[in-house]
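Report on the structure given below.
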Amino acid sequence: MTINRRSSGVPSVSPAISMRAGVYTILALVVYGLSWYYNGQLIPLLAVESMVLMIWGLMVWWPCLRAGLIWPRGFLPLFMLSWFIWFGLTLFWSGSPYSSWFYFWVLGSLPLTFMIAIMIPELTAELFWTWFWRGILISAWILSAMALWQYYQDLVTNIGLANLRPFGPLLDTNSFAAWLNLLFFPVLVLYFVKDSRRQVGFLRGGLDPEAFFYLLTLTVVLLAFFSTSSRGGFLAWICTMPFAIWGLWRLPAARPRFLVVAALVIIAFLLMDYAHGYDLIGHLSPGYITSNITTVSRKLMWIATWHMFLSHPWLGTGIGSYFLNYPAYRLPGELASAGTYAHNDFLEYLAEGGLINLGFLLGFAGVLMYALYRLLYRAGQALQIDDEKRLTALGLVLGVFAITGHALGNFIFYNLPLSILAGLFMARAWRIYGNTGNTEPLLPKIGIHHGFITQGLLLLGVCVASWNLLADATTYAFLSDNAWLNGVINHPRQRAELLLKVANTLTAVRPLATQPHVYLANTYLTLVEHDTRMDAANRRSLVQAALHQYQQSLVGIPQQSGVLNSIGTLYLTQGKFLGLDVTQRQRQTLLAWRQGLAIDPESISLRNEIAQLAYADQGDVQGGLAFLRAGLKRPLFPEPRSELLLDIALMQWRGDDKAAAEKTLLRILRDNPGYLPAVSWLQAIHHQTGLHATVH
């Protein structure tokens, strides 16, 4: 098969189109770059990235709306629009709306970037993609350099083999491997396409500089990929390569190129997996998979996720709420994960958004399969495009296909840069293989004859979303990670006054934000406890205000066991200012604490506080011990388990069963020899026993 070549000349474009394409490229690269280090934590990065994305979208969509909204024909644009709208609708019934807000931008970036990219006019889009792809290639080199540098640094510091796995700018090495897969397949295809132009063999001096650059890029990406030693990434790569071979095999001299790529794969594997003892292949064996703690824990996580879905089968718990709900569903034996993600996007979509949410992700996978069918079946003869364009689209689809398959065993689309690139890659591929023209203007057909109406609505939506994102970024900067403020304002009192004003303002402009409410509540209680000159009326007002702020913080995220712990403590210590007698205070305290323990059954502090107040303080030490021992049946990490056993020993000592207490302390040291509180207590007991024997 030969590639149909058209004129290599690029159609001339006007300076206005070039400028517009340049602005779009800069905005797209800024969006992509800002997403690298978000990792679900740095809210200011997400806020700025999302606002730049909306500005880019506003610039693209503005003239489209003025023209009456000329919409691309085909299933995929309508599917992506429906998917994005669905993500927005889930915010209205989410069980944790404030948390879901952030994941709306992470998960929704895939359909949103797709819709922005497909609405760019054709000539501008071609120039935009040419420049944007150069930025992607640069990012491939940067990411590969990160991986190799991290690998080298870990080697020279003699880090454990289990941790000798680069993660690039992400917090998870498997997701990083998926990112490299996403870049590998488009580069692989372009290497084949560009190198097939050569008329002279390589050994006889034939060299295409562009193809050689792609070959070098493949080399560094493969080295970086195998340095991650990711089983899931390797499996996704293996499952995707047959489609790549199918699509590229008919190119001229494809066999020697595949031999070159195979040699690079083998060399990269031999070099980068040497330090691991070449265990990547062995880790794929059925025996290892069924016995390894990470895969066993995945199975337990998936069972717990299924139980989560059964509890909320229709609309789910809300996107991005998995980590808030998981502690109540964690199964015994699952102690290999932090419980942040399900390590299976399909199951997590099901638990967080119900069957409809899963249907969209399955629909996206179906779209990829259909795209592969169109691009591969009979060499895409029905597409009426030249082979170079068809294969370029194939490479982009294969990259997205690889990460979608990888999402069966890891969290992939919850990584912002992967979602952004997947949307842009699919938009470019669809322009090549699926674009069948545009509709007539749609707005006049539904009775809207003035484009400025929809333009105004779009602008209003962007402003409202940006307002909330700015408030979220401010909340993080001033109340979550405000160490930078110490260098700006040296006086502690001035800093405290500023933070109090910021928190008070944020509760008004962003009511769903949880942290400003908690900050104000803690400040009010601190004033009550430390200002001895305050009269009873002012104390009552502050206690009431603190309780109100705690309760308001539960509106955005109800699953906050720490806030419920604080509410219970408020009732217990300050309940008299609320007009509650001792019995009422204890009842309200226990109610709040038990609600918190139901949300997080692994909370040692809540379990101990309930055991003390509900049992031990009432003279029922055995009941308190039974309640504490029930916590040992929960999946607990070593330190919390030792802490709970220490609480049991303290209650046994309080019940005058010193022998049982000492036995419990010895049990702690058998399980966790370095637990200092148990060591110190046993030393004190033995020292006291020795003194007593000496006296007698």
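The values are calculated or read from the model by the stated rules, or taken from the named source; none is laboratory data. For clarity, every value in this text was computed on a predicted model and none was experimentally measured. Virtual Cβ from ideal backbone geometry, glycine too; neighbours counted across all protein chains shown. Heads up: the accessible areas ignore ligands, DNA and RNA and are worked out on the full protein's heavy atoms, side chains in. Shrake-Rupley method; radii C 1.70, N 1.55, O 1.52, S 1.80 Å.
Looking at Phe176, Phe185, just one residue is under 19 Å from Met426 (Cα atoms) and in contact with a Ser or Thr (Cβ under 8 Å, 6 or more places away or on another chain), and that residue is Phe185. Residue under question is Gln574, and the condition is that it be buried (at least 21 other Cβ atoms within 10 Å of the Cβ), in a helix (DSSP H, G or I), of a type outside the set (Phe, Trp, Tyr) and at pLDDT below 95; does it hold? Criteria met by Gln574.
Counting residues in the range 262-275 that are within 25 Å of Glu352 (Cα to Cα) and surrounded by 13 or more Cβ atoms within 10 Å (Cβ to Cβ) gives zero. State yes or no: is Leu646 part of a helix (DSSP H, G or I), open to solvent by 30 Å² or more (accessible area, probe 1.4 Å) and aliphatic (A, V, I, L, M)? It is false that Leu646 is part of a helix (DSSP H, G or I), open to solvent by 30 Å² or more (accessible area, probe 1.4 Å) and aliphatic (A, V, I, L, M). For the range 165-181, filtering for residues that are aromatic (Phe, Trp, Tyr) and crowded, with 23+ Cβ neighbours inside 10 Å leaves 2.
Quick test for you: out of Ala508, Ala536, pick the one residue that is at pLDDT below 90, at negative phi, open to solvent by 30 Å² or more (accessible area, probe 1.4 Å) and not acidic (Asp, Glu). Sole residue among the options that is at pLDDT below 90, at negative phi, open to solvent by 30 Å² or more (accessible area, probe 1.4 Å) and not acidic (Asp, Glu): Ala536. The residues listed here are Gly88, Gly68, Gly74; of these, the one that is open to solvent by less than 30 Å² (accessible area, probe 1.4 Å), modelled with pLDDT under 95 and of a type in the set (Gly, Ala, Ser) is Gly68. Filtered by the rule that a residue be open to solvent by less than 50 Å² (accessible area, probe 1.4 Å) and among the aliphatic types (A, V, I, L, M), the range 553-571 gives Leu554, Ile557, Val563, Leu564, Ile567, Leu570. In the range 4-13, the qualifying residues are those that are surrounded by 10 or more Cβ atoms within 10 Å (Cβ to Cβ) and of a type outside the set (A, V, I, L, M), and the one that is modelled with the highest pLDDT is Asn4. The single residue among Ala483, Ala545, Ala521 that is among the small types (Gly, Ala, Ser), modelled with pLDDT of 95 or more and either surrounded by fewer than 21 Cβ atoms within 10 Å (Cβ to Cβ) or more than 30 Å from Leu91 (Cβ to Cβ) (or both) turns out to be Ala545. Counting only helices (runs of 4 or more DSSP H) that sit wholly inside the range 406-517, not one has at least 3 residues that are touching a strand residue (DSSP E or B) at 6+ places or on another chain (Cβ under 8 Å). Number of residues in the range 372-390 that are among the acidic types (Asp, Glu) and either modelled with pLDDT of 90 or more or in a helix (DSSP H, G or I) (or both): the value is 2.
Candidates in the range 28-39 are the residues that are in a loop (DSSP other than H, G, I, E, B) and open to solvent by 30 Å² or more (accessible area, probe 1.4 Å); of these, the one that is farthest from Met146 (Cα to Cα) is Asn39.
Exactly one residue among Pro601, Pro640, Pro635, Pro673 is of a type outside the set (Gly, Ala, Ser) and free of Cβ contacts under 8 Å to residues at least 12 places away in the same chain, and that residue is Pro673.
Output the residues belonging to the range 40-65 that are polar (S, T, N, Q) and crowded, with 19+ Cβ neighbours inside 10 Å. Hit for the range 40-65 is Ser50, nothing else.
Ile85 meets all of the listed conditions (1) within 17 Å of Ser466 (Cα to Cα); (2) free of Cβ contacts under 8 Å to residues at least 40 places away in the same chain; (3) not aromatic (Phe, Trp, Tyr) but one, namely (1).
Restricting attention to the range 602-631, the residues that are assigned to a loop (DSSP other than H, G, I, E, B) and open to solvent by 20 Å² or more (accessible area, probe 1.4 Å) total 4.
Taken over the range 649-659, the criterion of being surrounded by fewer than 21 Cβ atoms within 10 Å (Cβ to Cβ) and under 22 Å from Leu613 (Cα atoms) is satisfied by Leu650, Trp653, Arg654, Gly655, Asp656, Asp657, Lys658.
So, Ile648, is that one within 30 Å of Ala304 (Cβ to Cβ) and touching a Phe, Trp or Tyr at 6+ places or on another chain (Cβ under 7 Å) or not? In short, no. Have a look at Ile446, Ile432, Ile453, Ile420 and point out the one that is open to solvent by 40 Å² or more (accessible area, probe 1.4 Å), closer than 23 Å to Ile120 by Cα and hydrophobic (A, V, I, L, M, F, W, C). Among Ile446, Ile432, Ile453, Ile420, only Ile453 is open to solvent by 40 Å² or more (accessible area, probe 1.4 Å), closer than 23 Å to Ile120 by Cα and hydrophobic (A, V, I, L, M, F, W, C).
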